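The values are calculated or read from the model by the stated rules, or taken from the named source; none is laboratory data. Note that this is a predicted model, so its numbers are computed, not measured. Positions of Cβ are generated from backbone atoms using ideal geometry, with glycine treated the same way; all protein chains shown enter the neighbour counts. What goes into the accessible areas is simple: the full protein's heavy atoms, side chains included, and nothing from ligands, DNA or RNA. Shrake-Rupley method; radii C 1.70, N 1.55, O 1.52, S 1.80 Å.
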Amino acid sequence: MTQDCIFCRIAGGTASESLVTETPDALAFMDINQPTPGHVLVIPRRHVQDIYTLDEATAAMVFQLAVRVAQAVKIALRPDGINLYQSNEHAAGQEVFHFHMHVVARYAGDRDRVCVFLQPNLPPHAELDRLAAEIRAAL
Ligand code: AMP
Ligand code: ZN
């Protein structure tokens, strides 16, 4: 647990988030930014800064949960596609330095391949909770 890391605080239950699902070692929660409905983050509970310090077992465990969540997002919200990605370091525009995978729901009308950073949309917490419940129901 790294005290000044927002994702460690979410993993430790001391920051508010809309949880989708959790395992003993990882969790999935709604990103506060929902440019299209269904943007979920998947993180290891333990603080891992980036892919350079990521061990293979943790990588496999996080990716497995990310795939499960991506399939549930597709079922629950019926998007036309899913992108699974992670950004690394400042040059990639990374904001949070706790390893995370983005599950991004894509819709046919999207003009851009990855729209996460182009049209920020910060819905109220109740909307994040509603989306999380729908995805959880599809898991
Ligand atoms: P990156 O730019 O890849 O580091 O992504 C960081 C992501 O974390 C962004 O999509 C943010 O919208 C998201 N984010 C930041 N703080 C929170 C938070 N407290 N709860 C949920 N998502 C967050
Ligand atoms: Zn952390």
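Going through region 86-111 one residue at a time, which ones are charged (D, E, K, R), farther than 14 Å from residue 51 by Cβ and part of a loop (DSSP other than H, G, I, E, B)? Within region 86-111, 95, 110, 111 meet the criteria. Scanning region 30-44 for residues that are open to solvent by 10 Å² or more (accessible area, probe 1.4 Å) and away from ligand 1 (no atom under 13 Å from the Cβ) returns a single hit, 37. In this structure, residue 20 does satisfy being out of contact with any His (no Cβ under 9 Å at 6 or more places or on another chain), at pLDDT 95 or above and under 26 Å from residue 120 (Cβ atoms).
Taking the residues in region 120-139 that are of a type in the set (A, V, I, L, M) and part of a helix (DSSP H, G or I) as candidates, determine which candidate is nearest to residue 32 (Cα to Cα). That would be 128. Just to be sure before I move on: is residue 86 touching a Leu at 6+ places or on another chain (Cβ under 8 Å), surrounded by 14 or more Cβ atoms within 10 Å (Cβ to Cβ), under 24 Å from residue 131 (Cβ atoms) and among the polar types (S, T, N, Q) in the structure I sent? So residue 86 does not fit the description; no. If the condition is being surrounded by 10 or more Cβ atoms within 10 Å (Cβ to Cβ) and of a type outside the set (Val, Ile, Thr), then region 45-56 contributes 45, 46, 47, 49, 50, 54, 55.
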